[in-house]
1. Quick check: at a probe of 1.4 Å, how many percent of the accessible area of the stretch 52-126 sits on carbon and sulfur atoms?
2. In a solvent-free Debye calculation with one equal scatterer on each Cα, what is log10 I(q)/I(0) for the chain at q = 0.13, 0.20, 0.21 Å⁻¹, listed in the order of the q values?
3. Rank by packing, highest mean first: peptides 98-108, 67-77, with packing defined as the count of other Cβ atoms within 10 Å averaged across residues.
4. If I model a spin label as a point 7 Å beyond the Cα along the Cα-Cβ vector, how far apart are those points for K111 and L60 in nm?
5. Would you calculate the separation in nanometres between label points at K45 and C127, each defined as 7 Å from the Cα along the Cα-to-beta-carbon direction?
6. With every protein chain left in place, what is the accessible area of H122 in Å² (1.4 Å probe, nearest 10)?
7. In deg cm²/dmol and to the nearest 500, what is the mean residue ellipticity at 222 nm of the chain if only DSSP H runs of at least 4 residues count, each as -39500 (n - 2.57), divided by the residue total?
8. Considering the chain as a Gaussian network with a 10 Å cut-off on Cα pairs, which listed residue, S85, S35, S15, attains the greatest mean-square fluctuation?
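The values are calculated or read from the model by the stated rules, or taken from the named source; none is laboratory data. The structure displayed is predicted, hence computed values, not measured ones. With ideal geometry, Cβ positions are generated from the backbone for all residues, glycine too; neighbour counts draw on all protein chains shown. Note: accessible area is taken over every heavy atom of the protein model, side chains too, but ligands, DNA and RNA are not part of it. Shrake-Rupley method; radii C 1.70, N 1.55, O 1.52, S 1.80 Å.
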Amino acid sequence: MDTNTILNISTVFASFFTFQLLFYFLSDWFSAKVSTGFNSLSSRKKIEWNSRVGSTYHSLVVGVIGLYLFFFDEATITDPLWGDSWLVKLNVAISSGYLISDLLILILYWKVIGDKYFIIHHCTALCAFFFILVSAGIYKFEKQTSLGGMT
């Protein structure tokens, strides 16, 4: 297994565990420190709140990385569609870990925050992300092989 694959898999796992930690522990602790009214919320409202905190944190992290990629990453600027930037794959791996974490939370707390359209959305996005992390390398191999055969 090459180094990039190990980095991607490790990032997915680290992201998953980070968002689980955020949902189950950090969001409660931080929200109680910031807002005195948080502790008076019902458990249903706390579950919804913690889910939104994770979603917001995810969007901030991948959004900042995405802006950096858009403005400063040479591989992405040079070839926005097929550029092979390790940072793009890292960002997708972070999002994959978040989506898997959120899927688990949706299933475990189905009666509170479950929605079949979120399940469809998350699964569809994970399929696309899998293509980016795994199959994009296959496309590059095919592209290099076919070009190499023509010369």
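1. Working: 3250 of 4580 Å².
Within the stretch 52-126, the accessible surface is 71 percent carbon and sulfur.
2. -0.69, -1.25, -1.32
3. 98-108, 67-77
4. About 3.2 nm, to one decimal.
5. 3.9 nm
6. Roll a 1.4 Å probe over it and H122 shows about 10 Å².
7. Details: 8 runs with 119 residues, N = 151.
Computed ellipticity for the chain at 222 nm equals -26000 deg cm²/dmol.
8. It is S35.
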